[in-house]
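Okay, here's the structure, questions in a sec.
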Amino acid sequence: MFGRKKSVTGDRDAASSRDVADTSAPTGGPHDRSVVDDLAGYYGELGYGHIDLGSLVIGVPRGRDLNVALDQQGRPEFHVVTQVSRVIPRAFAAPKTAGQWRTMVTEMRDQLEQQGADASIVDGPWGRELVAELPNATFRAIGVDGARWTAEIRVMSTPDLADQAAEEGREVFRHLLVNRGEGPMPAREQLPLTVPDEIQKALAQAQSQLAAQQQAQAYQQQMAAGGAQAGAGQQPAQQQQPTPQQPAPQAQQPTPQAQQQAPQAAPDRPRRDGSAMDRLRGDDDL
């Protein structure tokens, strides 16, 4: 089982000696995008792949996969995954004064506790981290304030591999690059990502296939319900039979070319708690 680290001492919301790091720009990464002139050279020296998303550059260590999904608001969300962990990096606009991450992590803890999760704030390399034990899963949030931005990763794993997953998450976090931009933005608004065209096309294709599959499943369920009513001696509701001009919906099968373009499925991951994790995936409460 996951061994919990020592919690922040004193009052739950009082500053600890490590919290001093929360009030200054990070020195060991994540970094501001402006300090790296050559992305390929920076990540090449590390032996990483990388993806430049405009406001966020994510390094992908060797042996890991980069998956893309849609969050609850329909925005692309990038995951660095292994058989051990799923790491989700994000970045937010922040005020000039530091302390935003301190507020965010406290609110996340309170929210999870209200939903019945066992959540605590622990001391990590960047200061405060949130650890929550969910049914069959461990969730960890790591963050730090930078120059008018706050970077964060969320790490999911099974409880028995939580320590290893935390280290995998920190490795990704350490080499994030954040481009806040100069324009005004509300504090805690998530920085928008610039998604490459090929990924946008793959997402659109995946959504189209999913919609076709859902339509076919709904039709099959409707027909099955009608047959069950007839078998029970009830007059089934009149169903519109498919005609040559109106064929029954069929799930669209991807072509070999489409399969190559679509993002690969992620390895099986711990089942997430619906109430707690679905709330945490959104931005309104963070």
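Scan region 92-142 for residues that are more than 24 Å from PRO186 (Cβ to Cβ) and among the β-branched types (Val, Ile, Thr) and jot them down.
Selection gives ILE121, VAL122, VAL131, THR138.
Within region 89-108, how many residues are within 19 Å of the chain's Cα centre (by Cα) and without any contact (Cβ under 8 Å) to a residue 40 or more places away in the chain?
1
Conditions first: (1) surrounded by fewer than 22 Cβ atoms within 10 Å (Cβ to Cβ); (2) under 29 Å from ASN179 (Cβ atoms); (3) not polar (S, T, N, Q). ALA91 passes all but one, so which condition is the exception?
ALA91 satisfies all of (1) surrounded by fewer than 22 Cβ atoms within 10 Å (Cβ to Cβ); (2) under 29 Å from ASN179 (Cβ atoms); (3) not polar (S, T, N, Q) except (1).
Filter region 159-169 down to the residues that are of a type outside the set (A, V, I, L, M) and either touching a Gly at 6+ places or on another chain (Cβ under 8 Å) or more than 15 Å from ARG64 (Cβ to Cβ) (or both) and list them by number.
PRO159, ASP160, ASP163
Name the single residue that is surrounded by the most Cβ atoms within 10 Å (Cβ to Cβ) among those in region 22-52 being in a loop (DSSP other than H, G, I, E, B), touching a strand residue (DSSP E or B) at 6+ places or on another chain (Cβ under 8 Å) and modelled with pLDDT of 50 or more.
The extreme case among them is PRO30.
Follow-up question, since we're still on this one. Quick check on GLY146: is it of a type outside the set (Ser, Thr, Tyr), under 22 Å from LEU191 (Cα atoms) and over 18 Å from the mean Cα position of the chain (by Cα)?
yes
Further question on the same structure: Which of the residues that make up region 170-191 are touching a Gly at 6+ places or on another chain (Cβ under 9 Å) and among the polar types (S, T, N, Q)?
If the condition is that a residue be touching a Gly at 6+ places or on another chain (Cβ under 9 Å) and among the polar types (S, T, N, Q), then ASN179 is the only one that fits.
Pick from region 53-69 the residues that are touching a Leu at 6+ places or on another chain (Cβ under 7 Å) and not in a strand (DSSP E or B): which of them is nearest to GLN190 (Cα to Cα)?
Applying the filter and picking the extreme gives SER55.
While we're on this one: Looking only at region 93-134, count how many residues are within 21 Å of THR158 (Cα to Cα), assigned to a loop (DSSP other than H, G, I, E, B) and out of contact with any strand residue (DSSP E or B) (no Cβ under 7 Å at 6 or more places or on another chain).
Residues flagged as within 21 Å of THR158 (Cα to Cα), assigned to a loop (DSSP other than H, G, I, E, B) and out of contact with any strand residue (DSSP E or B) (no Cβ under 7 Å at 6 or more places or on another chain) within region 93-134 amount to 2.
Here's another thing I want to ask about it. Among the residues of region 200-214, is any crowded, with 17+ Cβ neighbours inside 10 Å, touching a residue at least 40 places away in the same chain (Cβ under 8 Å), touching a Gly at 6+ places or on another chain (Cβ under 9 Å) and more than 27 Å from VAL84 (Cα to Cα)?
No, there is no match, as no residue in region 200-214 is crowded, with 17+ Cβ neighbours inside 10 Å, touching a residue at least 40 places away in the same chain (Cβ under 8 Å), touching a Gly at 6+ places or on another chain (Cβ under 9 Å) and more than 27 Å from VAL84 (Cα to Cα).
Within region 10-21, is there a residue that is crowded, with 17+ Cβ neighbours inside 10 Å and modelled with pLDDT of 95 or more?
Within region 10-21, none of the residues are crowded, with 17+ Cβ neighbours inside 10 Å and modelled with pLDDT of 95 or more.
Continuing with this model, one more query. When you check ARG128 against the structure, is it among the charged types (D, E, K, R), surrounded by fewer than 23 Cβ atoms within 10 Å (Cβ to Cβ) and under 27 Å from LEU46 (Cα atoms), yes or no?
no
Just to be sure I understand the filter: pairs with C-beta atoms under 6 Å, separated by 6 or more residues or on different chains, first member in region 73-88 and closer than 15 Å to PHE173 by Cα and surrounded by 21 or more Cβ atoms within 10 Å (Cβ to Cβ), second member at pLDDT 95 or above and of a type in the set (Ser, Thr, Tyr). Which pairs pass?
Pairs found: SER85/SER157.
The values are calculated or read from the model by the stated rules, or taken from the named source; none is laboratory data. These numbers were taken from a predicted model, which means no experiment stands behind them. Reconstructed Cβ throughout: ideal geometry from the backbone, glycine too, with neighbour counts over all protein chains shown.
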